[in-house]
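Quick notes on the structure that follows.
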Amino acid sequence: GLTTACRFLGGTDPERFKWHRVRVDQLRALRADLAGRLAPNTANKILSAVKGTLRASWRMGLMSAEDLYRCTDVKPVKGGPQSRGRALSREELGSLFRATAADRSPRGRRDAAILAILYGCRRSEPVSLDLADYDAETGGLRVRQAKGNKSRDVYLTNGAKRAMGDWLIVRGGEPGPLLTRLDSTGRVTLKPLTDQSLYQRCKALAAAAGVERFSPHDLRRTFA
């Protein structure tokens with residue numbers, strides 16, 4: 001459970017992750033992500049493990065009582081399978097891609113590439129992709145950390161392939177993560193995105209396109 005939470009929050013090793021720096025907004029984002037793709041019982045076990053770790057941080061004097069209270073006040077996931085995310089309609093997908101296509105800034109081009117990849121990948125997979133995993137000629141993506149520690153190929157076609165091509169013009173050909181962070185001026189920094197940043201970009205894109213909020217996994221659910 002802590003491994004899942006750690007990866008969402010941008011870490012790799014739950015034993016080395018700085019749990020005492022977790023704040024309520026991050027925990028709420030984690031809860032929303034878990035609620036969108038896991039059964040309530042499983043999601044709540046992960047949330048409970050995180051809250052227990054935060055309590056331990058407070059006992060060690062690494063976290064304030066106020067920050068701990070705010071985090072532990074995050075409610076458990078309720079409901080059954082019917083509340084576990086949703087599939088986007090064709091109209092919503094159209095609105096999302098039109099919104100990103102209209103934004104020719106580096107961030108807009110990257111967001112279009114994010115949508116193109118998330119439509120065929122699981123939430124945790126895009127952040128692990130490197131530039132070398134993409135074949136610009138065929139549109140092929142080699143997903144090396146797929147479910148079950150297996151590799152598989154995903155192909156971007158038509159508008160998705162064009163969106164990736166537009167992003168690569170901005171990104172450049174330097175080795176590193178396929179989807180990178182941008183600084184405040186829109187310049188590429190060769191640092192990978194995190195699961196949490198993907199969730200936040202989906203939230204922002206939903207607001208820009210005027211559609212109901214969705215999670216990264218909802219795009220995968222829509223594709224399926």
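Across the stretch 96-103, rounded Karplus estimates of 3J(HN,Hα) from the backbone phi angles (6.51 cos²θ - 1.76 cosθ + 1.60, θ = phi - 60°) give 5, 6, 5, 5, 6, 5, 6, 9 Hz, Gly and Pro being marked x. Full extension of the chain between Arg21 and Leu62 gives 13.9 nm of extra length, using 0.36 nm per residue less the Cα-Cα distance.
Of the Cα atoms belonging to the stretch 24-65, the radius of gyration and Dmax stand at 11.6, 34 Å. GNM remark for the chain: springs join alpha carbons under 10 Å apart, and the peak mean-square fluctuation among Leu47, Leu198, Leu68 falls on Leu68. Per-residue ellipticity at 222 nm from helix content only, as computed over the chain with -39500 (n - 2.57) for each DSSP H run of at least four residues, stands at -15500 deg cm²/dmol. Angle of helix 195-209 to the longest C-alpha principal axis of the chain, folded into 0 to 90 degrees and rounded to 10: 60°. Each of the GluC sites (Glu not before Pro) that DSSP puts in a loop and that has at most 15 other Cβ atoms within 10 Å breaks the chain; the longest unbroken stretch is 16-136. Rolling a 1.4 Å probe across the protein heavy atoms gives the chain an accessible surface of 53 Å² per residue. For Ser124, no residue whose modelled amide H falls within less than 5 Å of its own remains once neighbours fewer than 5 places apart on the same chain are excluded. For the stretch 83-116, trypsin sites (Lys or Arg not before Pro) are listed when DSSP marks them as loop and at most 14 other Cβ atoms sit within 10 Å of their Cβ; the list is Arg104.
Taking θ as phi - 60° and the Karplus parameters 6.51, -1.76 and 1.60, the scalar couplings of the stretch 10-16 work out to x, x, 10, 10, x, 6, 10 Hz in sequence order, x denoting glycine and proline. For the set Thr12, Thr222, Thr180, the ranking by accessible area, highest first and with no ligand, DNA or RNA atoms included, is Thr12, Thr222, Thr180 under a 1.4 Å probe. If the segment from Lys75 to Ala204 were pulled out straight at 0.36 nm per residue, it would be longer than the present Cα-Cα gap by 44.1 nm. Taking the charge dipole of the chain about its Cα centre, with +1 at Lys and Arg Cβ atoms and -1 at Asp and Glu Cβ atoms, the residue from Gly108, Asn158, Leu193 reaching farthest to the positive side is Leu193. Here's how it looks for Gly140: its modeled amide H is under 5 Å from those of Asp135, Leu156, which are all 5 or more places away or on a different chain. A Cβ-based charge dipole, computed about the Cα centre of the stretch 5-106 with Lys and Arg at +1 and Asp and Glu at -1, lands at about 200 debye. Atom-type composition of the exposed protein surface of the chain places 49 percent of the accessible area on carbon and sulfur (1.4 angstrom probe). The amide H of Gly176, built 1.01 Å from its N in the peptide plane, has Leu131, Ala132 as neighbours under 5 Å, considering only residues 5 or more places off or on other chains. Could you state the angle between the C-alpha long axis of helix 158-171 and the longest principal axis of the C-alpha atoms of the chain, as a value from 0 to 90 degrees rounded to the nearest 10? Rounded to the nearest ten degrees, it is 80. Placing +1 on the Cβ of every Lys and Arg and -1 on the Cβ of every Asp and Glu, with no other charges, gives the chain a dipole of roughly 560 debye about its Cα centre. In order along the stretch 28-37, the phi-based Karplus estimate (6.51 cos²θ - 1.76 cosθ + 1.60, θ = phi - 60°) of 3J(HN,Hα) comes to 5, 5, 4, 4, 4, 5, 5, 5, x, 9 Hz; Gly and Pro are listed as x.
Looking at the square roots a ≥ b ≥ c of the eigenvalues of the Cα gyration tensor of the stretch 105-224, which shape do they give, rounded for a/c under 1.5, prolate if a/b is larger than b/c, or oblate? In terms of gyration-tensor shape, rounded. Per residue, the Cα convex hull of the chain amounts to 134 Å³.
The values are calculated or read from the model by the stated rules, or taken from the named source; none is laboratory data. Quick caveat: nothing in here was measured; it's all calculated off a predicted structure. Methodologically, a virtual Cβ is constructed for each residue, glycine included, from the backbone with ideal geometry; neighbour enumeration extends over all protein chains shown. Accessible surface is based on the protein model in full, side chains and every heavy atom, while ligands, DNA and RNA are left aside. Shrake-Rupley method; radii C 1.70, N 1.55, O 1.52, S 1.80 Å.
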